Each structure stands twice: as C-alpha cells, then as structure tokens.
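The values are calculated or read from the model by the stated rules, or taken from the named source; none is laboratory data. Note that the structure is a prediction, hence the values are computed from the model and not measured. In this analysis, Cβ positions are derived from the backbone assuming ideal geometry, glycine residues included, and neighbour counts consider all displayed protein chains.
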Amino acid sequence: MAVATKGMLFEYGLSLPPLALVFDFNPQQISRSRSVTVRTGNAPGARLGYDFLTPLDAPRAAQGVELQGESISITILLDATDKMLEGDTIAAQFGVQPQIDTLRSMLEPKVQGPGGLQVLSSLTGGGARAFERQETASVLIFAWGLQFLPVFLISVGQNETLHLPSLHPYRAEMSLTMQVIESNNPFFMAEKVRQTAMAALNAVSGF
C-alpha cells in the first residue's frame, strides 16, 4: 500500500480477551458515506417541498429529516514479514492469524461473563437462545491521525496473499466496514465539535 499510515481499533470496555489491533492502511482510500431521508409535503403543489420565499421560511421546505447512520469502509494490510525477520517467534509460527482472529472476535456478539467481563457468545455454549443471552456488539474506537470515532464493526472481508508452510497467512488484506455510533458519548461529541470548528474555519477562509 502506498502512503500507508497507522490506524487502530480497540474495544471500549472490559473484555476477555482484551481486543486491540494496530494496522497499516492507506488514508487516501478511506470511504465514508451517509445520507438523509427528507420528508416533504404531500399537499397539492407541494409534493417536493413546501413553498418558501425568505431564509426564515426555508425550514418549511422540509417538515423533517431522518439522518441515516454513517458508514466507513477501509482496507487494511496485515503483514508479519518485518516481525519474522526480527525473530519474533509468534509471527514465525502463526503469521498474522492472531490479528485476523482479533478482528473476527471484534465482529462476534458478546455476552456478560463473570465479573462483568464481556466474552464471546460462542464460548458460553448453545444452551440459551440468543435473546436470553442478551448478546451485544463490541463498542470499538477507530483511531487514526487525530480522529477517534466510536464504531460498530459490521463486516470483515479477508484476502490472504502469502502463507507459511503451515498455511497460516503472514500477509493479508482485510476489508472492514464500520458504522459510527452517533450518540452522546465523549468520542462522538468531540468529533462534532471538531467538525463544527472546521466548518467555521472554512467560512472564515473563504473557500
């Protein structure tokens, strides 16, 4: 990957095992998407929005909007080559399989275990139904540069390119899709403050 930078995903909570992953990715290829659904008037002549004449009337054009969740897609590179050359015994034996399994664990539902720790639902046995186990998704923090976004990991794609003789991959590209958690949490509120400040700076600069 050209122009690679470091990113990080870590679980915000107490979990067993603790889940965190540092990786390389190309920030030029990050994809962020969001949309809104606009509810317009259904009166005659106003199917695509109510009439307005002045800026004070403008909110009447749409009686309400529904903001859809923001999604983020990135492709990250997992490569154990450098650690293998440095003599790392775990990398030499397992390649990047521990990192891949960390991502898989971030994706799997969790249940509350002893002492309030979050554990993989699949480790608790299949005796209880899903709704009885009160399964939850991992709350993750996606960090890169100066940004820290709270997210749910909603899909993981895996493309292994190089393997050890044991067939453990030591180089793999992983496609991740995340949904931003937009609530009154400290990470998202800080992101909104940053966004507002940047919009104000843009207005001042005249772009």
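Tabulated values for the structure
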quantity: Boolean, VAL22 is at pLDDT below 80 and assigned to a strand (DSSP E or B); calculated: no
quantity: Matching entry among PHE131, PHE188, PHE148 (being touching an Asp or Glu at 6+ places or on another chain (Cβ under 6 Å), modelled with pLDDT under 95 and either more than 25 Å from PHE25 (Cα to Cα) or among the aromatic types (Phe, Trp, Tyr) (or both)); calculated: PHE188
quantity: Pairs where the first residue, in region 29-45, is farther than 15 Å from GLU182 by Cβ and the second is among the small types (Gly, Ala, Ser) and modelled with pLDDT of 80 or more, C-beta under 8 Å, 6+ apart; calculated: ILE30/SER73; SER31/SER73
quantity: Considering residues of region 31-72 that are among the acidic types (Asp, Glu) and within 34 Å of the chain's Cα centre (by Cα) only, the residue modelled with the lowest pLDDT; calculated: GLU66
quantity: Residue list for region 1-17, filter: of a type in the set (Gly, Ala, Ser), within 21 Å of THR136 (Cα to Cα) and modelled with pLDDT under 80; calculated: SER15
quantity: Residue identified as modelled with pLDDT of 75 or more and surrounded by fewer than 16 Cβ atoms within 10 Å (Cβ to Cβ) among THR102, THR75, THR124, THR81; calculated: THR81
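Conditions tested, residue by residue: (1) among the basic types (Lys, Arg); (2) surrounded by 13 or more Cβ atoms within 10 Å (Cβ to Cβ); (3) more than 19 Å from THR102 (Cβ to Cβ).
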site: LEU146; (1), (2), (3): no, no, yes
site: PRO169; (1), (2), (3): no, yes, no
site: GLU182; (1), (2), (3): no, yes, yes
site: GLU191; (1), (2), (3): no, yes, yes
site: ALA197; (1), (2), (3): no, no, yes
site: SER205; (1), (2), (3): no, no, yes
